[in-house]
Amino acid sequence: MSRRYDKEDSSPNANLELNIHPDEYVSIKEIPDKYANTSPLGLLGFWLTTIMLSFANIGLYKVNAMVIGMGFFYGGISQFTAGIFEIKKGHTFAGSAFVSYGAFWLSFIVILVGPQLLNCEAADNNALGVFLLFWGVFTGFMFVGTLKHGHITLKLIFFSLALTFLFLSIG
């Protein structure tokens, strides 16, 4: 009894489906990647949530349910999900960035509402400064990752974001 491996589709971004035919052969069928580009979702999730929080930081309004909702759903969950899809497509840098910054927003929201919801001690200014400093260090490493192959826009985004985290941690 001979077994044969058939490759029906050779697209680079494909999942493999294994079909086992007991008496004849094993065939491997590739399923093409049908996912859309999730980078705009990730970038917009970070940008819009950051703007909403920044307006609260400069006193336009207080940190309210709108900021918390944006941070949890658009900055957090949407961006995290975009990162998972980027990783699925083999885009390691974009996936790492979106998952990490999605996790940043989710953890930042817990820092803001955790004392009320979880009945725990609130983060003081020193703890928040260290939190933001480490995110600045992480973002600095991400910026270094853009230097060799990144577009100038990507370099500017990560450089300015690293400075923003640094300044926020000092403040």
With θ set to phi - 60° and the Karplus curve 6.51 cos²θ - 1.76 cosθ + 1.60, what are the ³J(HN,Hα) couplings of the stretch 49-58 in order, to the nearest whole Hz, using x for Gly and Pro?
5, 5, 4, 4, 5, 4, 4, 5, 5, 8
Can you give me the % of accessible surface on the stretch 73-141 that is carbon or sulfur? Probe 1.4 Å, all protein chains present, nothing else counted.
71
Per the rule of 0.36 nm per residue minus the C-alpha distance, extending Lys148 to Lys34 adds in nm 38.1 nm
Per residue value of the accessible surface for the stretch 63-128 (all protein chains in place, 1.4 Å probe), Å²
53
Based on the inverse mean of 1/r over its pairs of different Cα atoms, what is the Kirkwood hydrodynamic radius of the stretch 44-171, in Å?
15.2
Subtracting the Cα-Cα distance from 0.36 nm times the residue separation, let me have the gained length for Ile68 to Ser100 in nm, one decimal.
9.7 nm
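The values are calculated or read from the model by the stated rules, or taken from the named source; none is laboratory data. Just so it is clear, the model here is predicted, and its values are computed rather than measured. All accessible areas refer to the heavy atoms of the entire protein, side chains included, with ligands and DNA or RNA removed. Shrake-Rupley method; radii C 1.70, N 1.55, O 1.52, S 1.80 Å.
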